[in-house]
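K.L.:
Sharing a structure below in structure tokens format, with a few things to ask.
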Amino acid sequence: MVGIIMGSKSDLPIMNEAAEALQSLGVPFEMTIVSAHRTPERMFEYATEAASRGIKVIVAGAGGAAHLPGMTASLTALPVIGVPIKSSNSIDGWDSVLSILQMPAGVPVATVALNGGRNAGILAAQIIGSHDSDVFQRIQSFKEELKKKVMDSVDELNK
């Protein structure tokens, strides 16, 4: 199971892309709002209890100062994937990107592109697939379908 968390409801359109990717790959997930700054106790509880509830990977999206992914990673041994989100109070998204990318040694956060919810969902599924053969097979099929779309475009262009 994958836990999808976000700093506020305004992050939902981007984080829904992660949920849609997981759903299409048959990976169960939960989704909720956890603000590192406004509900730090909730963040602490979520991060420290996630593994005992069966969560295997956490996808954390945040805009602005974007502390949620890093603080979550500091509280759990689970892999955390950060999704920087260009928010209304953002500096063109760079504040979010750099806040998630520049983690201190020992507290890694895998980081996808700005507003990269879909890739975060796919990466979470790949992590789950590394020890779940059914998910692994679905990811292989997904990758083959990507390849097929490109080759179909090549054929169409060559006509």
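The values are calculated or read from the model by the stated rules, or taken from the named source; none is laboratory data. The model shown is predicted, which means the values in this text are computed figures rather than measured ones. Ideal geometry is used to build each Cβ from the backbone, glycine not excepted, and the neighbour counts take in all protein chains shown.
K.L.:
For Leu22, which of the numbered conditions (1) in a helix (DSSP H, G or I); (2) surrounded by fewer than 24 Cβ atoms within 10 Å (Cβ to Cβ); (3) of a type outside the set (Val, Ile, Thr) fails to hold?
P.N.:
The failed condition is (2).
K.L.:
Check Val59, Val2, Val34 and return the single one that is over 24 Å from Ser90 (Cβ atoms) and of a type in the set (Val, Ile, Thr). Let's see the steps before the verdict.
P.N.:
Values: Val59 fails: over 24 Å from Ser90 (Cβ atoms); Val34 fails: over 24 Å from Ser90 (Cβ atoms).
None of the others qualify; the one that does is Val2.
K.L.:
While we're looking at this one, here's another question. Examine segment 65-83 for a residue that is touching a residue at least 60 places away in the same chain (Cβ under 8 Å), touching a Pro at 6+ places or on another chain (Cβ under 8 Å) and not aromatic (Phe, Trp, Tyr), and state whether such a residue exists.
P.N.:
Yes, because at least one residue in segment 65-83 is touching a residue at least 60 places away in the same chain (Cβ under 8 Å), touching a Pro at 6+ places or on another chain (Cβ under 8 Å) and not aromatic (Phe, Trp, Tyr).
K.L.:
How about segment 51-76: which of its residues are among the small types (Gly, Ala, Ser) and farther than 18 Å from Ala120 by Cα? Quick ask: steps written out before the conclusion?
P.N.:
Of segment 51-76, the ones among the small types (Gly, Ala, Ser) are 51-52, 54, 60-66, 70, 73-74.
Ala51, Ser52, Gly54, Gly64, Ala65, Ser74 - these are the residues of segment 51-76 that are among the small types (Gly, Ala, Ser) and farther than 18 Å from Ala120 by Cα.
K.L.:
Check Ile100, Ile58, Ile81, Ile128 and return the single one that is in a helix (DSSP H, G or I), crowded, with 21+ Cβ neighbours inside 10 Å and in contact with a strand residue (DSSP E or B) (Cβ under 6 Å, 6 or more places away or on another chain).
P.N.:
Ile100
K.L.:
Between Met15, Met1, which is of a type in the set (A, V, I, L, M), surrounded by fewer than 17 Cβ atoms within 10 Å (Cβ to Cβ) and within 29 Å of Leu146 (Cβ to Cβ)? Steps first, answer last, please.
P.N.:
Numbers: Met15 fails: surrounded by fewer than 17 Cβ atoms within 10 Å (Cβ to Cβ).
Only one candidate passes the filter, namely Met1.
K.L.:
All but one of (1) under 19 Å from Asn16 (Cβ atoms); (2) of a type in the set (Gly, Ala, Ser); (3) surrounded by fewer than 18 Cβ atoms within 10 Å (Cβ to Cβ) hold for Gly93, so report the exception by its number.
P.N.:
Checking Gly93 against (1) under 19 Å from Asn16 (Cβ atoms); (2) of a type in the set (Gly, Ala, Ser); (3) surrounded by fewer than 18 Cβ atoms within 10 Å (Cβ to Cβ), the one that fails is (3).
K.L.:
Report, by residue number, each residue of segment 34-54 that is surrounded by 12 or more Cβ atoms within 10 Å (Cβ to Cβ) and under 21 Å from Ser10 (Cβ atoms).
P.N.:
If the condition is that a residue be surrounded by 12 or more Cβ atoms within 10 Å (Cβ to Cβ) and under 21 Å from Ser10 (Cβ atoms), then Val34, Ser35, Ala36, His37, Thr39, Pro40, Arg42, Met43, Tyr46 are the ones that fit.
K.L.:
Would you call Ala51 over 13 Å from the mean Cα position of the chain (by Cα) and in contact (Cβ under 8 Å) with a residue 12 or more places away in the chain?
P.N.:
Taking the combined requirement at face value, the residue satisfies it.
K.L.:
What do you reckon, is Ala60 in contact with a Pro (Cβ under 6 Å, 6 or more places away or on another chain), under 16 Å from Ile85 (Cβ atoms) and of a type outside the set (Asp, Glu)?
P.N.:
yes
K.L.:
Can you name the residue in segment 59-70 that is touching a helix residue (DSSP H, G or I) at 6+ places or on another chain (Cβ under 6 Å) and of a type outside the set (Gly, Ala, Ser) and is also farthest from Gly117 (Cα to Cα) among such residues?
P.N.:
My answer is Pro69.
K.L.:
Then there is this: Select, from Asp95, Asp134, the only residue that is assigned to a helix (DSSP H, G or I), acidic (Asp, Glu) and either more than 26 Å from Gly64 (Cα to Cα) or touching a Cys at 6+ places or on another chain (Cβ under 7 Å) (or both).
P.N.:
Testing whether each residue is assigned to a helix (DSSP H, G or I), acidic (Asp, Glu) and either more than 26 Å from Gly64 (Cα to Cα) or touching a Cys at 6+ places or on another chain (Cβ under 7 Å) (or both) leaves just Asp134.
K.L.:
For segment 86-97, does any single residue satisfy the condition of being within 24 Å of His131 (Cβ to Cβ) and of a type outside the set (Lys, Arg)?
P.N.:
Checking segment 86-97: not a single residue is within 24 Å of His131 (Cβ to Cβ) and of a type outside the set (Lys, Arg).
K.L.:
Any chance segment 77-94 includes a residue that's hydrophobic (A, V, I, L, M, F, W, C), over 13 Å from Ser8 (Cα atoms) and at pLDDT below 95?
P.N.:
Yes.
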